[in-house]
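First the structure, in the form of structure tokens, and then the observations on it.
The values are calculated or read from the model by the stated rules, or taken from the named source; none is laboratory data. Quick caveat: nothing in here was measured; it's all calculated off a predicted structure. Here the Cβ positions follow ideal geometry from the backbone for every residue, glycine too, while neighbour counts run over all protein chains shown. The protein model used for the area step is the full one, side chains on, heavy atoms only, and it has no ligands, DNA or RNA in it. Shrake-Rupley method; radii C 1.70, N 1.55, O 1.52, S 1.80 Å.
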Amino acid sequence: MPVVIELGSAPEHRISTRLSPLAELCACLHALDGPRHHPASRRWVGAVLQGADERLLERAGGWAPLWGAFRARYLLPLAPGPERELEEELAAVAGLDEETFTTMTEQALVGKNGHGPGPGHGPGSGHDLGSGHGPGSGSRRGGRAPERFLARLRQLSERRFALGLRLLADPSGFRDGLLAFLSAVAEEVFEAEWTRLRPTLEADARVRSHEHSRYGAAVLAGFPTARMEQDPPRVVFDKLYNARASLADSPCLLVPSLHINPHLAIKHYPGYPVVVQYPVRHGAGAEPTALDVVMRGLRALDEPLRIRMCRALLRQSMTTTELATQFEMTPPQMSRHLRKLREAGMVHTHREGARVHYQLDEAAVRNLGVDLLSALHR
């Protein structure tokens with residue numbers, strides 16, 4: 001199912017890259033709520049679980065649906081322009097009118113990326129991210145809508161249901177409580193992490209800005225699962241839901257993140273920028289491993305002999321002739337198997353005179369499962 005960003009005319013002037021401490025904070029909190037799916041965040045999650053106040057962790061669990069798979073739109077940059085400090089981004093959330101804040105919250109709780117009525121629409125529904133039904137068109141319109149909204153949330157989880165009750169009872173108090181929590185958790189467990197991450201994110205932002213100046217809107221097609229189509233001009237992302245936005249109506253912000261890995265978040269709401277928060281995995285400018293690369297590694301190991309070769313090469317480096325002798329094969333036969341492993345990135349080589357030695361690349365084998373899970377998540 002695709003998420004489509006329609007480019008329109010002169011889209012390159014409507015795309016920019018910038019950092020967002022609020023977006024990264026919420027990516028961290030999402031990883032904290034589901035650490036098994038975020039191997040790149042294990043160090044930070046482990047430190048938080050060991051050192052953070054238990055009451056703060058309990059509050060984090062209660063708010064977690066807001067930064068789940070369908071993150072609340074206000075937890076990403078709300079306006080184009082230069083980078084803002086976390087306090088400024090939280091102030092922007094505080095400045096939203098109550099109806100817009102409520103509807104954005106409803107979408108996150110129900111599990112939608114589109115704008116429109118909340119009740120009865122679960123994940124996987126098709127949505128036009130650029131269509132407008134008007135702020136406040138969700139569950140607070142009256143009639144039986146609040147009951148349907150709460151019934152849907154109860155089906156999804158008790159956490160969502162509890163947040164839905166709080167939202168409908170006191171939207172202003174709900175927002176105050178959320179902002180107070182985000183300020184508290186940032187001070188206790190995020191500020192040092194943000195200081196550590198910032199240089200890497202700034203370096204990646206510079207790379208993306210350079211690519212944007214060189215390739216224009218095609219920079220969007222460089223993200224995981226994305227492809228460019230020309231008729232009409234648009235970028236299509238393979239995701240688990242249908243959605244659509246247009247750069248003719250909204251600017252587009254590219255936000256680098258380390259803790260969002262392995263996901264790619266695309267969010268929009270009428271009147272606000274399209275935001276693409278993308279993973280920076282192996283340092284500045286590096287891309288996540290593509291699914292076809294992962295599949296090449298799996299195919300290379302889908303042969304008992306090559307598994308045995310890997311065991312041998314883990315223990316010591318060996319030449320083609322040595323391997324052929326050990327496994328009772330001819331050198332040409334062994335060369336074909338080594339070529340499969342080499343093309344999949346499972347082994348590396350070094351020379352000693354005229355002899356080429358092969359050694360297992362432990363990191364490549366170790367990362368294969370992580371890369372497969374990351375590719376499946378995107």
Sum up the charges of everything whose Cβ sits under 14 Å from the Cβ of G8, counting Lys and Arg as +1 and Asp and Glu as -1, but leave G8 out.
-2
Multiply the residue separation of L56 and T349 by 0.36 nm, subtract the distance between their alpha-carbon atoms, and state the gained length in nm to one decimal.
100.5 nm
Please compute the modelled spin-label separation between L305 and V207, points set 7 Å along Cα→Cβ, answer in nm with one decimal.
3.8
Need one value: the accessible area of E88 in square angstrom, 1.4 angstrom probe, rounded to the nearest 10.
90
Could you check the simple spin-label distance between E328 and E191, using points 7 Å along Cα→Cβ, in nm with one decimal?
6.8
Just to check I understand the Karplus step: with θ = phi - 60° and J = 6.51 cos²θ - 1.76 cosθ + 1.60, what whole-Hz values come out for the range 48-57, glycine and proline as x?
5, 5, 7, x, 7, 4, 4, 5, 5, 5
Report the net charge of residues surrounding Q326, where surrounding means a beta-carbon distance below 13 angstrom and charges are Lys +1, Arg +1, Asp -1, Glu -1.
+1
When the Karplus curve 6.51 cos²θ - 1.76 cosθ + 1.60 is applied with θ = phi - 60°, which whole-Hz ³J(HN,Hα) does each residue of the range 302-310 get, with x for Gly and Pro?
7, 7, x, 4, 5, 5, 5, 4, 4
For a Förster distance of 35 Å, can you work out the FRET efficiency between the beta-carbons of L179 and R42, rounded to the nearest 0.05?
0.80
Report the calculated FRET efficiency for R198 and D238 (r = Cβ-Cβ distance, R0 = 35 Å), to the nearest 0.05.
0.70
Applied in sequence order to the range 241-250, the curve 6.51 cos²θ - 1.76 cosθ + 1.60 (Karplus, θ = phi - 60°) yields integer Hz couplings, x standing for Gly and Pro, of 8, 9, 7, 8, 9, 10, 6, 5, 9, 9
List the residues of the range 160-188 whose backbone N lies under 16 Å from a point placed 7 Å from the Cα of E88 along the Cα-to-Cβ direction.
none
Here, M295 and R227, labelled 7 Å along Cα→Cβ, have an inter-label distance in nm of 1.2
